[in-house]
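Every number here is computed from the coordinates shown, using simple stated rules; none is lab data. Quantities reported herein were computed from a predicted structural model and do not represent experimental measurements. So basically every Cβ, Gly included, is an ideal-geometry build from the backbone, and we count neighbours across all protein chains shown.
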Amino acid sequence: MTNEPTPETVERNKAVSRRWIELFNERDEAGQAEVLAPDYVGYAPASLEPAPMNGEAWARFLDGFVEGFPDLQLTVENAVGEGDLVAQRVHFAGTHTGEFQGLPPTNRKVEFSGLELNRFVDGRVAEHWFQLDALGLLQQLGLAAVPGPRLLPRILAKQVKKLRPRARQR
């Protein structure tokens, strides 16, 4: 007998991944915990949380988002499964009415996207990797500025000029 995932298993894993998002939107922490394998490990963007997280640490990590964006809702835009993996493109929408990562509330509405990859063992999420459009989020919160099309060439030209003298010295 083989442990290779069947098409039915892949579809079940996709359904569990979608259900996990629904449980988050319902703020059902007990339901979310049931989706996770006992040895669950989550990986968030290093800029938000550099260390891998177990289930309890992951719940605390999510609590930080809920504190900052109490109305945060996630929507699965696409899901693809293969083997024991499910990848999802997720849309986030909420209002920054609480403290988030040390930033006091701005009362700004934000929307950003993210990608996640879930690895399943026995129908539960054993590992979870998550990335989000952090720059887009920071811009919407008023914390980051990106040079526009007029400024960017000047910035790049200045950097190239700095490099030229070094290249001539060689």
State to the nearest 20 debye the size of the charge dipole of the chain about its Cα centre, where the only charges are +1 on K and R beta carbons and -1 on D and E beta carbons. 2140 debye
Between helix 55-68 and the chain: long-axis angle, C-alpha atoms, 0 to 90°, nearest 10: 60 degrees
Just to be sure I understand the model, the point goes 7 Å from the Cα along the line to the Cβ. What's the resulting Leu163 to Phe61 distance in nm? 3.4 nm
Rounded to the nearest 10 degrees, the helix 151-169 long axis (Cα) sits at an angle to the longest Cα principal axis of the chain of 70 degrees
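Step by step: find N for region 1-134, compute 2.2 N^0.38 Å, then divide the Cα radius of gyration by it. What's the final number?
Numbers: Rg = 15.1 Å, N = 134, 2.2 N^0.38 = 14.1 Å.
After normalising by residue count via 2.2 N^0.38 Å, the value is 1.06.
What is the extension gain from Ala134 to Glu11, computed as 0.36 nm multiplied by their sequence separation minus the C-alpha to C-alpha distance, in nm to one decimal? Numbers along the way, then the final one.
On the way: separation 123, 0.36 × 123 = 44.28 nm, distance 3.00 nm.
Contour length minus the Cα-Cα distance gives 41.3 nm.
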